[in-house]
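The values are calculated or read from the model by the stated rules, or taken from the named source; none is laboratory data. In this text the structure is predicted, and so the values were computed from the model without any measurement. Please note: Cβ atoms are built from the backbone with ideal geometry, for glycine as well, and neighbour counts cover all protein chains shown. The protein model used for the area step is the full one, side chains on, heavy atoms only, and it has no ligands, DNA or RNA in it. Shrake-Rupley method; radii C 1.70, N 1.55, O 1.52, S 1.80 Å.
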Amino acid sequence: QFAVSLAVEFIGVMFFQILGGSADKDMAAWVNGIALAVWVYTAANISGGHLNPAVSISTCICGFYPVLHTVIYVVLQIVGAIIGALVTAFLVPGAEVQMGDGGPGCFSPKGGVTGEQVMWWECVMTFTLISCVYACGIAKPGHGSHTPLAVGLALFACAGSGGQYTGAALNPARVIGPMAIFGCGENTNRYYVRGQVLAAIFAMSVFAFVSGLGPLNPWMAKKAFKLSWREAAYFWITGSPPSRLQKTGTENINDFKQQYEAFQSEQSETGPQKRVAMDSLALNVALSTGVAADKVEEVLALLAEAEQTEHCMPDVVSYNTIIKAFAQRANYSGACEVLERMHAKKRRPNAITFNTVMDAAVRAGKPEEAWTRLQEMRKRGFKPDKFTCSILVKAFCKASSSVTEASVDRALCLLDEANECLDPTLKATLYNNVLEVTRKAELNSSILSIMQQMRVRAVVR
């Protein structure tokens, strides 16, 4: 999805450059405004529809986009504008590379306009454009599908005002692209870009004052998610939540936006009895904290309360967290009850669910129950992984007093099935554990089978 968003930003700016740069002078304001609206509509649901480094930089500083993503966006937006200008040089009669000022899509101040005036006109107009983006597309409740039209109208209005003095670039990529291909505006382009970058900072500051900073901004992330400054900075730069807050490894910024909105609502409450409804992520954090403190009874009560919400809020991570609590207590029956409860709430278990239930069985001294859960796991369409193998080989070793050729064959089939999931070190450890138990049981034919499979799978003894 991220790769697609990058492609859309590149393509969007490229075509915006082609359409806007080749427009008839009398229609330039209309063409640029409509072209921007069209391409923002096209890109909005994929990449956010920035199509402008000033927009990307502003929203990044405010805390709505990660720094690394923003850097890549800006680079591709500029490259898109350069390629768009190159295509324009081919399409427009009389245009040629390095033709200097007057190339299609080039911006230059009108007669008598100073560099400082260009900078401040571009600042005023770009501020108008970015403020429209914030008010319509980022602020809540916003204006939904009308946002691209409003942004296009903002560009049209600015082109009809300050455009008569600067040409109304309002976009660093639209300035840099033609400069790279046609060599135009070498003495004035810096004023355009300065004004646009200033506008990005001013618009962000005003929005932050009116509506608050975004969830990635380190100052807010530190308070909202209880992060250290280092974690908050990492969160802002990469967009990836700290590992200690991840439960499935698939959480992204959208999950944390929901938690951040709950934090903002809580901050705005004035009555002591008012309460903000938790979302699934906040619930899971609370459950995990309770499990870490071995407060299983309190955690179960919280889960029961959450299950009574209008739309059942607990997800598979919520139930997996509770099952883990019972596994840590070697309470297999409790883990099974939570699994049944999960089925009753129509929550589909995943591989982690079954692995944790198996772990509970092994800890409770019921190795055969763990193998039974493996069959259920397979029926649900999940293949055993390295965690499954580690747990069930542990079960095999715990049942060393009752090892049979059938149980050895069962363990070998498991290791063979999950071979691709095992790294060389873990693979060697698991095979050697099975081999050691089999040797103690003096099952010679099984020992030969193990050693043969170890040779086939290149296992180091």
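For PHE387, which of the numbered conditions (1) open to solvent by less than 70 Å² (accessible area, probe 1.4 Å); (2) under 15 Å from VAL362 (Cβ atoms) fails to hold? Tallying (1) open to solvent by less than 70 Å² (accessible area, probe 1.4 Å); (2) under 15 Å from VAL362 (Cβ atoms), PHE387 fails exactly one: (1).
Results for (1) under 21 Å from LEU76 (Cα atoms); (2) open to solvent by 20 Å² or more (accessible area, probe 1.4 Å); (3) not aliphatic (A, V, I, L, M), shown as yes or no for each residue.
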residue	(1), (2), (3)
GLY160	no, yes, yes
PRO178	yes, no, yes
GLY183	yes, no, yes
ASN189	yes, no, yes
TYR192	yes, no, yes
GLN196	yes, no, yes
GLY214	no, no, yes
TRP219	no, yes, yes
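Only a single criterion out of (1) out of contact with any Cys (no Cβ under 6 Å at 6 or more places or on another chain); (2) buried (at least 19 other Cβ atoms within 10 Å of the Cβ); (3) of a type outside the set (Phe, Trp, Tyr); (4) under 27 Å from VAL460 (Cβ atoms) is not satisfied by ALA360, namely (4).
From the list VAL71, VAL31, the one residue that fits, being open to solvent by 20 Å² or more (accessible area, probe 1.4 Å), free of Cβ contacts under 8 Å to residues at least 24 places away in the same chain and more than 22 Å from GLY105 (Cβ to Cβ), is VAL71. Restricting to the range 144-158, and then to whatever is among the hydrophobic types (A, V, I, L, M, F, W, C) and open to solvent by less than 20 Å² (accessible area, probe 1.4 Å), can you tell me which residue is farthest from GLY49 (Cα to Cα)? Going through the qualifying residues, I end up with CYS158.
All told, ARG230 meets the bar of being out of contact with any Pro (no Cβ under 7 Å at 6 or more places or on another chain) and modelled with pLDDT of 80 or more.
Only one of these is in contact (Cβ under 8 Å) with a residue 60 or more places away in the chain and open to solvent by 40 Å² or more (accessible area, probe 1.4 Å): ILE18, ILE46, ILE61. Name it.
Details: ILE18 fails: open to solvent by 40 Å² or more (accessible area, probe 1.4 Å); ILE46 fails: in contact (Cβ under 8 Å) with a residue 60 or more places away in the chain.
The unique qualifying residue is ILE61.
Here GLU340 passes the criteria (1) assigned to a helix (DSSP H, G or I); (2) surrounded by 18 or more Cβ atoms within 10 Å (Cβ to Cβ); (3) without any contact (Cβ under 8 Å) to a residue 60 or more places away in the chain except the one numbered (2).
Just to verify a result, which residue in the range 92-143, among those that are outside any loop (DSSP other than H, G, I, E, B) and polar (S, T, N, Q), is most open to solvent (accessible area, probe 1.4 Å)? Before you say what the answer is, go through the steps one by one.
Going residue by residue through the range 92-143, those that are outside any loop (DSSP other than H, G, I, E, B) are 115-138.
Now restrict to residues that are polar (S, T, N, Q): 117, 126, 128, 131.
On the way: GLN117: 93, THR126: 0, THR128: 63, SER131: 36 Å².
It comes out as GLN117.
Here is a check on your reading of the model: is ILE78 within 22 Å of ALA200 (Cα to Cα), at pLDDT 95 or above, open to solvent by 10 Å² or more (accessible area, probe 1.4 Å) and not acidic (Asp, Glu)? So ILE78 fits the description; yes.
Looking at the range 401-418 only, could you name the residues that are surrounded by 15 or more Cβ atoms within 10 Å (Cβ to Cβ) and more than 17 Å from PHE354 (Cβ to Cβ)? Hits for the range 401-418 are VAL403, SER407, VAL408, ALA411, LEU412, LEU415. Among the conditions (1) assigned to a helix (DSSP H, G or I); (2) of a type outside the set (Gly, Ala, Ser); (3) at pLDDT 60 or above, the only one that LEU216 does not satisfy is (1). Screening LEU430, LEU374, LEU426, LEU392 for residues that are open to solvent by less than 20 Å² (accessible area, probe 1.4 Å) and over 30 Å from LEU303 (Cα atoms) leaves exactly one candidate, LEU430.
Within the range 167-174, can one find any residue that is assigned to a helix (DSSP H, G or I), open to solvent by 30 Å² or more (accessible area, probe 1.4 Å) and either small (Gly, Ala, Ser) or under 22 Å from ASP101 (Cα atoms) (or both)? Before you say what the answer is, go through the steps one by one.
Keep residues of the range 167-174 that are assigned to a helix (DSSP H, G or I), which gives 172-174.
Within this subset, residues satisfying the condition of being open to solvent by 30 Å² or more (accessible area, probe 1.4 Å) are none.
No, every residue in the range 167-174 fails to be assigned to a helix (DSSP H, G or I), open to solvent by 30 Å² or more (accessible area, probe 1.4 Å) and either small (Gly, Ala, Ser) or under 22 Å from ASP101 (Cα atoms) (or both).
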